[in-house]
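*Asks:* What follows is a structure written as structure tokens; I'll ask about it next.
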Amino acid sequence: MESRLPKFVDASGTRSPAGYAVRVEFYDSPKPVRVIVTDPQHHTVFDQRGTFRWHPRDSYQGHGQIVYPSHFVVSFPSGEDIFEQRAAEPVLYLSDDAGLWSTLK
């Protein structure tokens, strides 16, 4: 969260991400992703399970080797956002890549 909070937490993009933390957990279930967002005072402001899909749809689908950067869309009733994994490490970034967002629908 270098420049903004996830869109499903702050759709207007008006809150500063300074001091916020996000934890993303993956499961094998009908709602395979859980996102937990805490504010600068360490209060939980978002804790929901939702769905995710690889993006673009024809990219890595759980088969073969992941190519980096890889992208996936996380969806909740309050909205969705694109996460990017830039390397084989447990760090994710929010993507503002206009090309990815234009092909989202």
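The values are calculated or read from the model by the stated rules, or taken from the named source; none is laboratory data. Computed from a predicted structure; not experimentally measured. All Cβ positions, even for glycine, are placed from backbone atoms using ideal geometry, and neighbour counts span all protein chains on display. Heads up: the accessible areas ignore ligands, DNA and RNA and are worked out on the full protein's heavy atoms, side chains in. Shrake-Rupley method; radii C 1.70, N 1.55, O 1.52, S 1.80 Å.
*Asks:* Of the residues that sit in region 27-84 and are open to solvent by 20 Å² or more (accessible area, probe 1.4 Å) and in contact with a His (Cβ under 8 Å, 6 or more places away or on another chain), which one is modelled with the lowest pLDDT?
*Replies:* Once the filter is applied, the top-ranked residue is 59.
*Asks:* Suppose we filter region 4-57 for residues that are within 14 Å of the chain's Cα centre (by Cα) and among the small types (Gly, Ala, Ser); how many remain?
*Replies:* Summing the residues that are within 14 Å of the chain's Cα centre (by Cα) and among the small types (Gly, Ala, Ser) in region 4-57 gives 3.
*Asks:* Filter region 1-34 for residues that are in contact with a Gly (Cβ under 7 Å, 6 or more places away or on another chain), in contact (Cβ under 8 Å) with a residue 24 or more places away in the chain and not aromatic (Phe, Trp, Tyr) and give the result.
*Replies:* 4, 7, 11, 33
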